[in-house]
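Enquirer: Dumping the structure here so I can ask a few things about it.
Coordinate-derived values only; no laboratory data. Every value quoted in this text rests on a predicted model; they were computed, and no experiment measured them. For neighbour counting, all protein chains shown are included, and Cβ atoms are generated from backbone atoms with ideal geometry for every residue, glycine included.
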């Protein structure tokens, strides 16, 4: 089964280019414009990894991260931010809220691919550990 990747970004051109690149990596790629569309698609589909573009208000992006983690706690989220929008304090907040990583734009595609693979591996390990704990807790 292909890795399910959701790309959330307000910049249509950037999002479109990123979608094309990620489809070349054989990911099953979905896209959303932030907030309303993103939460709707997250309700319907369980994604492995979300690439969340930080454009405009960092606080809105952090709120969306919190929503994603509440709806899909095992889905890993990688923040994508530009150098102009990058803030160490807000990066630390994102990590506390459960972000897997934060990468600066412009992106190095091999690095992005590696981080997506690591996030996917972490998700699978967390789901496996949860299933194992559930079985142990429900056995006689």
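Enquirer: Could you list 52, 103 in order of exposure, starting from the residue whose Cβ has the fewest other Cβ atoms within 10 Å?
Expert: 103, 52
Enquirer: While we're looking at this one, here's another question. Determine the distance separating the Cα centre of region 59-120 from the Cα centre of region 9-51; give it in Å without decimals.
Expert: Spelled out, the Cα-based centre of one part sits 13 Å from the other.
Enquirer: Further, regarding this structure: How much length, in nm to one decimal, is gained on full extension between residue 63 and residue 13, taken as 0.36 nm per residue of separation minus their Cα-Cα distance?
Expert: Details: separation 50, 0.36 × 50 = 18.00 nm, distance 2.38 nm.
Stretched fully, the residue 63-residue 13 segment lengthens by 15.6 nm.
Enquirer: Using the alpha carbons of the chain, what is the convex hull volume per residue in cubic angstrom, as a whole number?
Expert: Numbers: hull volume 15.4 nm³, N = 140.
It comes to 110 Å³ per residue, whole-number rounded.
Enquirer: Give the residues of region 57-90 whose amide nitrogen is closer than 11 Å to a point set 7 Å from the Cα of residue 96 in the direction of its Cβ.
Expert: 89-90
Enquirer: So if we plug the beta-carbon distance of residue 84 and residue 21 into 1/(1 + (r/R0)^6) with R0 = 22 Å, what FRET efficiency do we get, rounded to 0.05? Each step should come with its number before you reach the end.
Expert: Values: r = 22 Å, r/R0 = 1.01.
Here the calculated transfer efficiency is 0.50.
Enquirer: Could you please rank 130, 21, placing first whichever residue has the fewest other Cβ atoms within 10 Å of its Cβ?
Expert: Working: 130 12, 21 15.
The most exposed by this proxy come first: 130, 21.
Enquirer: Against the longest principal axis of the chain, how steep is helix 109-138, in degrees 0 to 90 to the nearest 10, with axes from Cα atoms?
Expert: The answer is roughly 20 degrees.
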